[in-house]
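First the structure, in the form of C-alpha coordinates, and then the observations on it.
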Amino acid sequence: MAAVDPLRGGAGGPTGIDRRDLAANLHAIIDRLLEVSERTAEEAAIPVTDPAAMARLRRIGIPARGRSLAEAAGEMLDLIYPQRARMNHPRCFAFIPAPVSPVSWIGDLLTGAHNPFAGSWLQSAGPGCIERELIGWLCAQAGFPAEAGGLFVSGGSMANLTALTVARDRRLREDARGSGVAYLSEQTHSSIAKALKIIGFHEGQIRRLPVDGTFRMEVRPLAEAVARDRAAGLTPFAVVATAGTTNTGSIDPLDAIADLCAAERLWLHVDGAYGASALLSPRHRGLLRGIERADSLSWDAHKWLFQTYDCGMLLMRDRRHLAETFQARPEYLRDARAADDAVNFWDLGPELTRPARALKLWLTLQVLGSDAMGEAIAHGFRLAEWAADEIAHTPDWRIESPPQMAIFTFRFAPASMTGDEQDAVNREISRRAIEDGFCAVLTTQLGGRTVLRICAIHPEATESDLRESVRRLHAIARSLVR
Ligand code: PLP
(Lines give C-alpha, C1' and ligand atoms only; values in the text may rest on other atoms or scores of the structure.)
Protein backbone atom coordinates (compact mmCIF):
# COMPACT_ATOMS: atom_id res chain seq x y z
CA MET A 1 0.00 0.00 0.00
CA ALA A 2 1.21 3.53 -0.74
CA ALA A 3 2.74 5.54 2.10
CA VAL A 4 0.34 8.01 3.67
CA ASP A 5 1.39 11.65 3.93
CA PRO A 6 1.37 12.29 7.72
CA LEU A 7 0.19 15.86 7.20
CA ARG A 8 -2.88 14.82 5.25
CA GLY A 9 -3.80 11.64 7.07
CA GLY A 10 -5.44 9.00 5.00
CA ALA A 11 -9.06 9.78 5.02
CA GLY A 12 -10.68 10.83 1.75
CA GLY A 13 -11.25 14.50 2.14
CA PRO A 14 -11.93 17.13 -0.47
CA THR A 15 -10.14 15.36 -3.34
CA GLY A 16 -12.64 12.54 -3.24
CA ILE A 17 -10.58 9.47 -2.52
CA ASP A 18 -9.32 7.85 0.63
CA ARG A 19 -5.58 7.75 0.02
CA ARG A 20 -5.31 4.37 1.74
CA ASP A 21 -7.73 2.98 -0.82
CA LEU A 22 -6.06 4.51 -3.86
CA ALA A 23 -4.02 1.47 -4.88
CA ALA A 24 -6.88 -1.00 -4.32
CA ASN A 25 -9.29 1.19 -6.30
CA LEU A 26 -6.82 1.67 -9.09
CA HIS A 27 -6.08 -2.05 -9.42
CA ALA A 28 -9.75 -2.94 -9.39
CA ILE A 29 -10.59 -0.32 -12.01
CA ILE A 30 -7.72 -1.38 -14.29
CA ASP A 31 -8.73 -5.05 -14.00
CA ARG A 32 -12.29 -4.16 -15.06
CA LEU A 33 -10.98 -1.93 -17.81
CA LEU A 34 -8.86 -4.71 -19.28
CA GLU A 35 -11.74 -7.15 -19.04
CA VAL A 36 -14.02 -4.75 -20.90
CA SER A 37 -11.47 -3.80 -23.57
CA GLU A 38 -10.71 -7.48 -24.31
CA ARG A 39 -14.25 -7.76 -25.66
CA THR A 40 -14.00 -4.94 -28.22
CA ALA A 41 -13.51 -7.16 -31.27
CA GLU A 42 -16.64 -9.18 -30.41
CA GLU A 43 -18.82 -6.08 -30.19
CA ALA A 44 -20.38 -4.03 -32.97
CA ALA A 45 -18.06 -1.24 -34.12
CA ILE A 46 -20.91 1.29 -34.11
CA PRO A 47 -23.54 -0.18 -31.79
CA VAL A 48 -27.07 1.09 -31.91
CA THR A 49 -27.56 3.46 -28.95
CA ASP A 50 -29.66 1.86 -26.22
CA PRO A 51 -32.54 4.25 -25.30
CA ALA A 52 -33.01 2.64 -21.86
CA ALA A 53 -29.34 3.17 -21.00
CA MET A 54 -29.53 6.76 -22.23
CA ALA A 55 -32.58 7.40 -20.06
CA ARG A 56 -30.70 6.00 -17.04
CA LEU A 57 -27.76 8.29 -17.78
CA ARG A 58 -30.04 11.31 -17.79
CA ARG A 59 -31.50 10.29 -14.41
CA ILE A 60 -28.18 9.93 -12.54
CA GLY A 61 -27.78 13.63 -11.76
CA ILE A 62 -25.17 15.08 -9.40
CA PRO A 63 -25.42 13.85 -5.79
CA ALA A 64 -25.10 16.30 -2.89
CA ARG A 65 -23.23 13.63 -0.90
CA GLY A 66 -20.56 11.71 -2.78
CA ARG A 67 -20.63 7.96 -3.34
CA SER A 68 -17.93 5.35 -3.73
CA LEU A 69 -15.40 5.59 -6.52
CA ALA A 70 -15.87 1.89 -7.31
CA GLU A 71 -19.58 2.40 -7.84
CA ALA A 72 -19.30 5.55 -9.98
CA ALA A 73 -16.39 4.17 -12.04
CA GLY A 74 -18.36 0.95 -12.51
CA GLU A 75 -21.19 3.02 -13.96
CA MET A 76 -18.78 4.64 -16.39
CA LEU A 77 -17.61 1.22 -17.55
CA ASP A 78 -20.99 -0.50 -17.69
CA LEU A 79 -23.32 2.29 -18.69
CA ILE A 80 -21.57 5.32 -20.16
CA TYR A 81 -18.74 3.97 -22.36
CA PRO A 82 -20.83 1.23 -24.02
CA GLN A 83 -22.91 4.02 -25.64
CA ARG A 84 -20.17 4.93 -28.10
CA ALA A 85 -18.65 3.83 -31.40
CA ARG A 86 -15.67 1.49 -30.99
CA MET A 87 -13.32 3.55 -33.11
CA ASN A 88 -10.57 1.07 -32.17
CA HIS A 89 -12.51 -1.96 -33.44
CA PRO A 90 -10.45 -3.91 -36.02
CA ARG A 91 -13.35 -3.69 -38.48
CA CYS A 92 -14.20 -0.04 -37.89
CA PHE A 93 -13.55 1.43 -41.35
CA ALA A 94 -15.64 4.58 -40.82
CA PHE A 95 -14.40 8.18 -40.54
CA ILE A 96 -10.71 8.00 -39.62
CA PRO A 97 -10.71 5.09 -37.17
CA ALA A 98 -8.65 5.25 -33.97
CA PRO A 99 -6.81 1.95 -33.51
CA VAL A 100 -5.17 3.02 -30.28
CA SER A 101 -2.07 1.38 -28.84
CA PRO A 102 -2.62 0.51 -25.16
CA VAL A 103 0.79 2.12 -24.58
CA SER A 104 -0.83 5.43 -25.52
CA TRP A 105 -3.48 5.25 -22.81
CA ILE A 106 -0.90 4.08 -20.29
CA GLY A 107 0.88 7.30 -21.22
CA ASP A 108 -2.39 9.19 -20.60
CA LEU A 109 -2.69 7.57 -17.20
CA LEU A 110 0.84 8.58 -16.19
CA THR A 111 0.47 12.10 -17.56
CA GLY A 112 -2.96 12.52 -15.98
CA ALA A 113 -1.59 11.46 -12.60
CA HIS A 114 1.23 14.02 -12.81
CA ASN A 115 -0.78 16.67 -14.64
CA PRO A 116 2.19 18.67 -15.92
CA PHE A 117 1.45 22.22 -17.02
CA ALA A 118 3.07 22.09 -20.44
CA GLY A 119 2.78 25.81 -21.19
CA SER A 120 6.11 26.88 -19.78
CA TRP A 121 9.59 25.46 -19.21
CA LEU A 122 9.54 26.61 -15.57
CA GLN A 123 6.51 24.45 -14.89
CA SER A 124 7.37 21.56 -17.17
CA ALA A 125 11.03 21.30 -18.17
CA GLY A 126 11.06 17.49 -18.52
CA PRO A 127 7.90 17.12 -20.59
CA GLY A 128 8.84 20.30 -22.51
CA CYS A 129 12.23 18.83 -23.36
CA ILE A 130 10.57 15.65 -24.66
CA GLU A 131 8.07 17.68 -26.69
CA ARG A 132 10.85 19.71 -28.29
CA GLU A 133 12.97 16.63 -29.04
CA LEU A 134 10.03 14.71 -30.47
CA ILE A 135 8.98 17.67 -32.62
CA GLY A 136 12.59 17.83 -33.86
CA TRP A 137 12.47 14.14 -34.78
CA LEU A 138 9.14 14.56 -36.59
CA CYS A 139 10.52 17.59 -38.48
CA ALA A 140 13.47 15.47 -39.57
CA GLN A 141 11.07 12.77 -40.82
CA ALA A 142 9.31 15.45 -42.87
CA GLY A 143 12.67 16.57 -44.31
CA PHE A 144 12.42 20.03 -42.74
CA PRO A 145 15.60 22.11 -42.18
CA ALA A 146 17.39 22.62 -38.84
CA GLU A 147 15.50 25.83 -38.03
CA ALA A 148 12.16 23.95 -38.11
CA GLY A 149 10.07 23.43 -35.00
CA GLY A 150 6.51 23.26 -33.82
CA LEU A 151 4.25 22.05 -31.08
CA PHE A 152 1.62 19.54 -30.08
CA VAL A 153 -1.99 20.66 -30.38
CA SER A 154 -5.36 18.98 -29.93
CA GLY A 155 -5.60 17.71 -33.51
CA GLY A 156 -5.79 18.53 -37.18
CA SER A 157 -8.35 21.32 -36.84
CA MET A 158 -6.21 23.21 -34.33
CA ALA A 159 -3.02 22.56 -36.29
CA ASN A 160 -4.66 23.95 -39.43
CA LEU A 161 -6.01 26.97 -37.54
CA THR A 162 -2.63 27.70 -35.96
CA ALA A 163 -0.78 27.33 -39.27
CA LEU A 164 -3.18 29.54 -41.22
CA THR A 165 -2.99 32.25 -38.56
CA VAL A 166 0.78 32.33 -39.05
CA ALA A 167 0.34 32.25 -42.85
CA ARG A 168 -1.96 35.29 -42.64
CA ASP A 169 0.53 37.20 -40.49
CA ARG A 170 3.55 36.30 -42.63
CA ARG A 171 2.02 36.98 -46.02
CA LEU A 172 -0.56 39.76 -45.50
CA ARG A 173 -0.12 43.20 -44.08
CA GLU A 174 -2.81 43.95 -41.51
CA ASP A 175 -4.44 46.50 -43.82
CA ALA A 176 -4.46 43.98 -46.71
CA ARG A 177 -6.36 41.23 -44.93
CA GLY A 178 -9.58 42.25 -46.63
CA SER A 179 -8.11 41.43 -50.04
CA GLY A 180 -6.32 38.18 -49.08
CA VAL A 181 -7.22 34.98 -50.95
CA ALA A 182 -6.50 31.37 -49.95
CA TYR A 183 -6.62 28.37 -52.32
CA LEU A 184 -7.82 24.86 -51.54
CA SER A 185 -9.36 22.03 -53.50
CA GLU A 186 -12.87 20.60 -53.53
CA GLN A 187 -11.45 17.71 -51.50
CA THR A 188 -9.76 19.80 -48.78
CA HIS A 189 -10.94 19.00 -45.26
CA SER A 190 -13.66 21.29 -43.92
CA SER A 191 -11.46 22.37 -40.99
CA ILE A 192 -9.44 24.55 -43.40
CA ALA A 193 -12.32 26.76 -44.52
CA LYS A 194 -13.55 26.80 -40.92
CA ALA A 195 -10.13 28.02 -39.75
CA LEU A 196 -10.00 30.70 -42.44
CA LYS A 197 -13.38 31.99 -41.32
CA ILE A 198 -12.35 31.96 -37.64
CA ILE A 199 -9.34 34.16 -38.45
CA GLY A 200 -11.41 36.70 -40.31
CA PHE A 201 -11.78 35.66 -43.96
CA HIS A 202 -15.14 35.27 -45.65
CA GLU A 203 -16.30 32.72 -48.22
CA GLY A 204 -15.47 35.11 -51.09
CA GLN A 205 -11.79 34.93 -50.08
CA ILE A 206 -11.63 31.13 -50.39
CA ARG A 207 -11.09 29.48 -53.79
CA ARG A 208 -12.07 25.81 -53.97
CA LEU A 209 -10.30 24.42 -57.00
CA PRO A 210 -11.38 21.44 -59.06
CA VAL A 211 -9.65 18.08 -58.75
CA ASP A 212 -8.51 15.66 -61.43
CA GLY A 213 -9.83 12.13 -61.98
CA THR A 214 -7.76 10.89 -59.02
CA PHE A 215 -9.10 13.62 -56.70
CA ARG A 216 -5.86 15.63 -56.65
CA MET A 217 -5.71 19.40 -56.87
CA GLU A 218 -4.96 20.53 -60.42
CA VAL A 219 -2.06 22.93 -60.70
CA ARG A 220 -3.01 24.74 -63.92
CA PRO A 221 -6.41 25.99 -62.62
CA LEU A 222 -4.61 26.95 -59.41
CA ALA A 223 -2.08 29.09 -61.30
CA GLU A 224 -4.87 30.61 -63.39
CA ALA A 225 -6.93 31.46 -60.30
CA VAL A 226 -3.94 33.15 -58.66
CA ALA A 227 -3.28 35.19 -61.81
CA ARG A 228 -6.94 36.15 -62.12
CA ASP A 229 -7.11 37.27 -58.49
CA ARG A 230 -3.93 39.32 -58.80
CA ALA A 231 -5.29 41.01 -61.92
CA ALA A 232 -8.44 41.87 -59.96
CA GLY A 233 -6.34 43.63 -57.31
CA LEU A 234 -6.65 40.86 -54.71
CA THR A 235 -3.77 39.43 -52.66
CA PRO A 236 -3.26 35.67 -52.94
CA PHE A 237 -1.46 34.58 -49.75
CA ALA A 238 -1.77 30.84 -49.08
CA VAL A 239 -2.30 27.48 -50.74
CA VAL A 240 -3.44 24.47 -48.75
CA ALA A 241 -2.40 21.13 -50.22
CA THR A 242 -3.47 17.85 -48.68
CA ALA A 243 -1.32 14.78 -48.09
CA GLY A 244 -4.05 12.17 -47.75
CA THR A 245 -7.53 13.58 -48.27
CA THR A 246 -10.28 12.34 -45.97
CA ASN A 247 -12.57 11.11 -48.74
CA THR A 248 -10.17 9.16 -50.95
CA GLY A 249 -6.65 9.35 -49.46
CA SER A 250 -5.46 11.30 -52.50
CA ILE A 251 -2.26 13.31 -52.28
CA ASP A 252 -2.12 16.66 -54.02
CA PRO A 253 0.91 17.19 -56.34
CA LEU A 254 3.04 18.67 -53.58
CA ASP A 255 6.17 19.38 -55.62
CA ALA A 256 4.34 21.18 -58.41
CA ILE A 257 2.28 23.18 -55.92
CA ALA A 258 5.47 24.07 -54.02
CA ASP A 259 6.99 25.36 -57.30
CA LEU A 260 4.01 27.62 -57.85
CA CYS A 261 4.05 28.85 -54.23
CA ALA A 262 7.77 29.64 -54.48
CA ALA A 263 7.26 31.57 -57.74
CA GLU A 264 4.26 33.48 -56.38
CA ARG A 265 5.53 33.93 -52.80
CA LEU A 266 2.52 32.09 -51.37
CA TRP A 267 2.52 30.28 -48.05
CA LEU A 268 2.28 26.52 -48.58
CA HIS A 269 0.42 24.71 -45.83
CA VAL A 270 0.19 20.93 -46.16
CA ASP A 271 -2.64 19.24 -44.32
CA GLY A 272 -1.10 15.86 -43.48
CA ALA A 273 -3.38 15.35 -40.48
CA TYR A 274 -4.21 11.92 -41.82
CA GLY A 275 -1.52 11.05 -44.33
CA ALA A 276 1.76 12.46 -43.00
CA SER A 277 2.20 9.26 -40.97
CA ALA A 278 3.18 7.51 -44.23
CA LEU A 279 6.51 9.32 -43.80
CA LEU A 280 7.40 6.68 -41.20
CA SER A 281 6.97 3.78 -43.64
CA PRO A 282 10.14 3.56 -45.77
CA ARG A 283 8.13 1.88 -48.54
CA HIS A 284 5.58 4.69 -48.71
CA ARG A 285 7.33 7.92 -47.75
CA GLY A 286 8.18 8.58 -51.41
CA LEU A 287 4.47 9.16 -52.04
CA LEU A 288 4.82 12.41 -50.09
CA ARG A 289 7.70 13.85 -52.09
CA GLY A 290 7.55 17.64 -51.90
CA ILE A 291 6.17 17.71 -48.35
CA GLU A 292 9.61 18.92 -47.21
CA ARG A 293 8.96 22.18 -49.09
CA ALA A 294 5.90 23.11 -47.01
CA ASP A 295 5.99 26.21 -44.83
CA SER A 296 3.77 24.40 -42.33
CA LEU A 297 2.51 20.85 -41.91
CA SER A 298 -0.34 19.39 -39.86
CA TRP A 299 0.14 15.81 -38.70
CA ASP A 300 -2.13 13.94 -36.31
CA ALA A 301 -0.93 11.24 -33.95
CA HIS A 302 -4.51 10.37 -32.95
CA LYS A 303 -5.17 9.15 -36.48
CA TRP A 304 -2.44 6.93 -37.97
CA LEU A 305 0.09 6.94 -35.11
CA PHE A 306 -2.24 4.99 -32.84
CA GLN A 307 -2.65 7.60 -30.09
CA THR A 308 -5.64 8.43 -27.92
CA TYR A 309 -7.45 11.72 -28.43
CA ASP A 310 -6.20 14.31 -28.38
CA CYS A 311 -2.79 14.32 -30.01
CA GLY A 312 -1.88 16.37 -33.08
CA MET A 313 1.20 18.21 -34.23
CA LEU A 314 1.94 21.37 -36.16
CA LEU A 315 5.39 21.50 -37.74
CA MET A 316 6.79 24.77 -39.09
CA ARG A 317 9.65 25.12 -41.53
CA ASP A 318 10.89 28.12 -39.50
CA ARG A 319 9.94 27.84 -35.84
CA ARG A 320 10.44 31.58 -35.18
CA HIS A 321 7.24 32.37 -37.07
CA LEU A 322 5.07 30.79 -34.38
CA ALA A 323 6.32 33.12 -31.64
CA GLU A 324 6.04 36.12 -33.96
CA THR A 325 2.30 35.46 -34.17
CA PHE A 326 1.49 34.03 -30.77
CA GLN A 327 3.90 35.42 -28.19
CA ALA A 328 2.29 37.62 -25.53
CA ARG A 329 4.15 38.98 -22.51
CA PRO A 330 1.71 39.73 -19.69
CA GLU A 331 3.24 40.78 -16.36
CA TYR A 332 1.88 37.75 -14.48
CA LEU A 333 3.86 35.34 -16.68
CA ARG A 334 7.15 37.26 -16.56
CA ASP A 335 8.68 35.06 -13.87
CA ALA A 336 8.39 32.09 -16.20
CA ARG A 337 10.46 33.71 -18.93
CA ALA A 338 12.38 30.97 -20.77
CA ALA A 339 16.18 30.96 -20.87
CA ASP A 340 17.94 30.63 -24.25
CA ASP A 341 18.03 26.85 -24.28
CA ALA A 342 14.38 26.51 -23.27
CA VAL A 343 11.02 27.02 -24.88
CA ASN A 344 7.71 28.22 -23.49
CA PHE A 345 5.14 26.43 -25.60
CA TRP A 346 2.51 29.00 -24.61
CA ASP A 347 4.42 31.38 -26.91
CA LEU A 348 4.00 29.08 -29.92
CA GLY A 349 0.25 28.63 -30.20
CA PRO A 350 -3.17 29.78 -28.97
CA GLU A 351 -3.16 27.73 -25.73
CA LEU A 352 -1.71 28.97 -22.44
CA THR A 353 -2.59 26.03 -20.21
CA ARG A 354 -1.98 22.87 -22.18
CA PRO A 355 -1.49 19.19 -21.40
CA ALA A 356 1.73 17.30 -22.16
CA ARG A 357 0.38 15.58 -25.28
CA ALA A 358 3.81 14.57 -26.56
CA LEU A 359 4.53 12.12 -23.76
CA LYS A 360 2.16 9.34 -24.81
CA LEU A 361 3.49 9.37 -28.36
CA TRP A 362 7.04 9.39 -27.01
CA LEU A 363 6.21 6.43 -24.77
CA THR A 364 4.66 4.53 -27.69
CA LEU A 365 7.69 5.17 -29.89
CA GLN A 366 10.01 4.10 -27.08
CA VAL A 367 8.15 0.82 -26.62
CA LEU A 368 7.47 -0.01 -30.29
CA GLY A 369 10.49 1.60 -31.91
CA SER A 370 10.14 3.55 -35.14
CA ASP A 371 10.61 0.44 -37.35
CA ALA A 372 7.58 -1.33 -35.88
CA MET A 373 5.61 1.91 -36.07
CA GLY A 374 6.47 2.16 -39.78
CA GLU A 375 5.48 -1.48 -40.34
CA ALA A 376 2.14 -0.94 -38.55
CA ILE A 377 1.44 2.00 -40.87
CA ALA A 378 2.44 -0.02 -43.96
CA HIS A 379 -0.06 -2.71 -42.91
CA GLY A 380 -2.92 -0.26 -43.53
CA PHE A 381 -1.93 0.04 -47.20
CA ARG A 382 -2.18 -3.76 -47.56
CA LEU A 383 -5.56 -3.93 -45.80
CA ALA A 384 -7.17 -1.51 -48.24
CA GLU A 385 -5.66 -3.38 -51.19
CA TRP A 386 -7.10 -6.71 -50.00
CA ALA A 387 -10.54 -5.19 -49.66
CA ALA A 388 -10.32 -3.52 -53.06
CA ASP A 389 -9.19 -6.80 -54.61
CA GLU A 390 -12.25 -8.52 -53.15
CA ILE A 391 -14.52 -5.79 -54.55
CA ALA A 392 -12.86 -6.05 -57.96
CA HIS A 393 -13.76 -9.76 -58.06
CA THR A 394 -17.37 -9.33 -56.94
CA PRO A 395 -19.99 -8.82 -59.67
CA ASP A 396 -21.99 -5.57 -59.80
CA TRP A 397 -19.49 -3.63 -57.67
CA ARG A 398 -17.31 -0.81 -58.89
CA ILE A 399 -14.23 0.80 -57.37
CA GLU A 400 -14.74 4.58 -57.44
CA SER A 401 -11.30 5.56 -56.13
CA PRO A 402 -8.48 3.02 -55.86
CA PRO A 403 -6.65 2.38 -52.58
CA GLN A 404 -4.57 5.42 -51.68
CA MET A 405 -3.10 5.80 -48.20
CA ALA A 406 -5.25 2.90 -46.91
CA ILE A 407 -8.51 4.51 -48.10
CA PHE A 408 -10.68 3.51 -51.04
CA THR A 409 -14.25 4.07 -52.18
CA PHE A 410 -16.60 1.76 -54.03
CA ARG A 411 -20.20 1.32 -54.97
CA PHE A 412 -22.76 -1.36 -55.62
CA ALA A 413 -23.70 -0.44 -59.17
CA PRO A 414 -25.73 -3.07 -61.04
CA ALA A 415 -26.47 -1.98 -64.60
CA SER A 416 -30.19 -2.57 -64.03
CA MET A 417 -30.39 0.35 -61.58
CA THR A 418 -30.42 4.08 -62.25
CA GLY A 419 -27.80 6.28 -60.57
CA ASP A 420 -30.34 7.50 -58.03
CA GLU A 421 -31.42 3.95 -57.22
CA GLN A 422 -27.78 3.00 -56.74
CA ASP A 423 -27.31 5.97 -54.37
CA ALA A 424 -30.25 4.81 -52.29
CA VAL A 425 -29.16 1.18 -52.20
CA ASN A 426 -25.59 2.06 -51.15
CA ARG A 427 -26.91 4.18 -48.30
CA GLU A 428 -29.07 1.25 -47.26
CA ILE A 429 -26.17 -1.22 -47.48
CA SER A 430 -24.18 0.97 -45.08
CA ARG A 431 -27.13 1.31 -42.70
CA ARG A 432 -27.73 -2.42 -42.61
CA ALA A 433 -24.03 -3.19 -42.19
CA ILE A 434 -23.96 -0.95 -39.11
CA GLU A 435 -27.07 -2.68 -37.80
CA ASP A 436 -25.53 -6.10 -38.46
CA GLY A 437 -22.43 -5.04 -36.52
CA PHE A 438 -19.73 -7.09 -38.25
CA CYS A 439 -18.03 -4.06 -39.76
CA ALA A 440 -18.60 -0.31 -39.90
CA VAL A 441 -18.61 1.13 -43.42
CA LEU A 442 -20.19 4.53 -44.03
CA THR A 443 -20.88 6.51 -47.18
CA THR A 444 -19.53 9.71 -48.63
CA GLN A 445 -20.22 11.70 -51.81
CA LEU A 446 -17.96 11.69 -54.85
CA GLY A 447 -18.92 13.49 -58.05
CA GLY A 448 -22.42 13.97 -56.67
CA ARG A 449 -22.90 10.23 -56.12
CA THR A 450 -23.11 8.20 -52.92
CA VAL A 451 -20.21 5.80 -52.48
CA LEU A 452 -19.11 3.47 -49.70
CA ARG A 453 -15.75 4.22 -48.11
CA ILE A 454 -13.22 2.05 -46.29
CA CYS A 455 -10.39 3.54 -44.25
CA ALA A 456 -8.40 0.55 -42.97
CA ILE A 457 -5.53 1.35 -40.62
CA HIS A 458 -5.86 -1.12 -37.76
CA PRO A 459 -2.53 -2.92 -37.24
CA GLU A 460 -4.34 -6.01 -35.92
CA ALA A 461 -6.92 -6.27 -38.71
CA THR A 462 -6.30 -9.21 -41.02
CA GLU A 463 -6.83 -10.03 -44.68
CA SER A 464 -9.82 -12.19 -43.61
CA ASP A 465 -11.35 -9.24 -41.72
CA LEU A 466 -11.29 -7.21 -44.93
CA ARG A 467 -12.38 -9.91 -47.37
CA GLU A 468 -15.18 -11.12 -45.10
CA SER A 469 -16.39 -7.54 -44.59
CA VAL A 470 -16.72 -7.14 -48.36
CA ARG A 471 -18.55 -10.48 -48.64
CA ARG A 472 -21.02 -9.35 -45.97
CA LEU A 473 -21.62 -6.07 -47.81
CA HIS A 474 -22.30 -8.07 -50.95
CA ALA A 475 -24.71 -10.38 -49.11
CA ILE A 476 -26.60 -7.32 -47.84
CA ALA A 477 -26.67 -5.85 -51.36
CA ARG A 478 -28.06 -9.09 -52.85
CA SER A 479 -30.73 -9.27 -50.19
CA LEU A 480 -31.80 -5.72 -51.09
CA VAL A 481 -32.15 -6.28 -54.83
CA ARG A 482 -33.76 -9.69 -54.61
N1 PLP B 1 -7.48 17.23 -42.00
C2 PLP B 1 -7.76 16.00 -42.49
C3 PLP B 1 -7.20 15.59 -43.81
C4 PLP B 1 -8.58 15.14 -41.76
O5 PLP B 1 -8.87 13.93 -42.25
C6 PLP B 1 -9.10 15.59 -40.52
C7 PLP B 1 -10.00 14.72 -39.74
O8 PLP B 1 -10.38 13.66 -40.13
C9 PLP B 1 -8.78 16.86 -40.06
C10 PLP B 1 -7.96 17.67 -40.83
C11 PLP B 1 -9.30 17.38 -38.75
O12 PLP B 1 -8.60 16.76 -37.70
P13 PLP B 1 -9.20 16.73 -36.21
O14 PLP B 1 -10.45 15.94 -36.32
O15 PLP B 1 -8.11 16.04 -35.45
O16 PLP B 1 -9.43 18.12 -35.78
- For the range 249-284, the count of residues that are within 11 Å of the ligand (Cβ to nearest atom) and touching a Pro at 6+ places or on another chain (Cβ under 9 Å) equals 1
- Could you please let me know if Glu186 is modelled with pLDDT of 95 or more and over 24 Å from the mean Cα position of the chain (by Cα)? no
- Task: Looking only at the range 209-226, count how many residues are touching a strand residue (DSSP E or B) at 6+ places or on another chain (Cβ under 9 Å) and of a type in the set (Gly, Ala, Ser).
- Result: 1
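Within the range 317-329, can one find any residue that is on the phi > 0 side of the Ramachandran plot, modelled with pLDDT of 95 or more and not acidic (Asp, Glu)?
No, the range 317-329 has no match at all.
Quick check on the range 11-56: of everything there that is among the charged types (D, E, K, R) and touching a Gly at 6+ places or on another chain (Cβ under 9 Å), which residue is nearest to Ala85 (Cα to Cα)? Write out each step before concluding.
Our first condition is that a residue be among the charged types (D, E, K, R); within the range 11-56, this holds for 18-21, 31-32, 35, 38-39, 42-43, 50, 56.
Then drop every residue that is not touching a Gly at 6+ places or on another chain (Cβ under 9 Å), which leaves 18-21, 32, 43.
Details: Asp18: 34, Arg19: 34, Arg20: 36, Asp21: 32, Arg32: 19, Glu43: 10 Å.
Across the range 11-56, the extreme among qualifying residues is Glu43.
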- Item | Subset of the range 153-180 that is among the aliphatic types (A, V, I, L, M) and more than 27 Å from Thr246 (Cβ to Cβ) - its residue that is farthest from the chain's Cα centre (by Cα) | Ala176
- Scan the range 216-225 and give yes if some residue there is within 15 Å of the ligand (Cβ to nearest atom) and either assigned by TED's automatic domain parsing to the domain that holds Thr443 or assigned to a loop (DSSP other than H, G, I, E, B) (or both), otherwise no. yes
- Looking at Arg357, Arg398, which one is in contact with a Gly (Cβ under 9 Å, 6 or more places away or on another chain) and touching a residue at least 12 places away in the same chain (Cβ under 8 Å)? Arg357
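Can you find a residue that is within 18 Å of Ala98 (Cβ to Cβ) and in a helix (DSSP H, G or I) anywhere in the range 303-325? Even if it seems obvious, please write down each step before you answer.
The first filter runs over the range 303-325 and keeps only residues within 18 Å of Ala98 (Cβ to Cβ), leaving 303-313.
Now restrict to residues that are in a helix (DSSP H, G or I): 303-304.
Yes, the range 303-325 contains a residue that is within 18 Å of Ala98 (Cβ to Cβ) and in a helix (DSSP H, G or I).
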- Message: As an exercise: evaluate Asp175 against (1) assigned to a helix (DSSP H, G or I); (2) of a type outside the set (Phe, Trp, Tyr); (3) under 30 Å from Ala388 (Cα atoms) and give the number of the one condition it does not meet.
- Response: (3)
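The values are calculated or read from the model by the stated rules, or taken from the named source; none is laboratory data. Values in this document were obtained by computation on a predicted structure and should not be read as measured data. All Cβ positions, glycine included, derive from the backbone under ideal geometry; neighbour counts span all protein chains shown.
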